[in-house]
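Data first, discussion second: the structure below is written as structure tokens.
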Amino acid sequence: QALFSCDAILEGGRLLSLVHMVTSPLMICRLHEAASFYQRALLANALTSALRLHQRLPHFQLSRAFLAQALLEDSCHYLLYSLIFVNSYPVTMSIFPVLLFSLLHAATYTKKVLDARSSNSLPFLRNLLEKLSANQQNILKFIACNEIFLMPATVFMLFSGQGSLLQPFIYYRFLTLRYSSRRNPYCRTLFTELRIVVEHLITKPSCPVFVRRLCLSGISFISRLAPTVA
């Protein structure tokens, strides 16, 4: 029962993030209100991630070993993610990982509640949840792709005067944590797939030499930045 209550609190935080994330783009004509909803959504996600992290590692210790263990948890990654963007200029791309993860978790929890009530309750909703579950792999790949392309976006924001100097470096740390994730391999998978696609395109005779060299240099640079995964 205590676990169910904790899950309900987590679900409430995710639904709050979901509502604010959906509302934020709808307020595009009222930028101040949109930024406020954007910030609230990230704060709700930070709170949910912190609670989830506490659920995974209940005994807090002020030690290097505990910090290393915490950095292995996906909930810690998304706590860091929320803190990176919560006080920055609103970035539409940063909405999608929080929005889609909240949606997936909401679907899982809703299915659990429906199963607890009756195996045949609300068939239309069950069918919707099954379709969402069937597309979970594609959704997770889209999230990983979004996270990857947010890296150059933070650099662009820095040079356009909309980001801070530290943001790209902290986000790079977040991306290395996602790349090394034990529970979610999609970031590594997407990096590999993107590399294969680019290498295939630049081997075509129609590809200019300078583009081929530029792409190979980019691939080599990114490969050197990638962390070692055990």
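The values are calculated or read from the model by the stated rules, or taken from the named source; none is laboratory data. Here the structure is a predicted model, which means the values were calculated and not measured. Heads up, the Cβs are rebuilt from the backbone with ideal geometry, glycines too, and the neighbour counts pull from every protein chain shown. All accessible areas refer to the heavy atoms of the entire protein, side chains included, with ligands and DNA or RNA removed. Shrake-Rupley method; radii C 1.70, N 1.55, O 1.52, S 1.80 Å.
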Glu147: passes all of (1) within 17 Å of Ile95 (Cα to Cα); (2) open to solvent by 80 Å² or more (accessible area, probe 1.4 Å); (3) among the acidic types (Asp, Glu) but (2)
Of the conditions (1) more than 15 Å from Tyr171 (Cα to Cα); (2) under 12 Å from the mean Cα position of the chain (by Cα); (3) open to solvent by 60 Å² or more (accessible area, probe 1.4 Å), the single one that Met93 does not satisfy is (1)
Taking first residues from the stretch 154-179 that are open to solvent by 60 Å² or more (accessible area, probe 1.4 Å) and at pLDDT below 95 and second residues anywhere that are of a type in the set (Val, Ile, Thr) and outside any helix (DSSP H, G or I), the pairs with Cβ under 9 Å that are 6 or more apart or on different chains are Gln162/Val91
Among residues of the stretch 180-197 being touching a Phe, Trp or Tyr at 6+ places or on another chain (Cβ under 8 Å) and among the hydrophobic types (A, V, I, L, M, F, W, C), the residue most open to solvent (accessible area, probe 1.4 Å) is Phe191
In the stretch 198-230, anything open to solvent by 90 Å² or more (accessible area, probe 1.4 Å), assigned to a helix (DSSP H, G or I) and over 26 Å from Tyr179 (Cβ atoms) is listed as Phe210
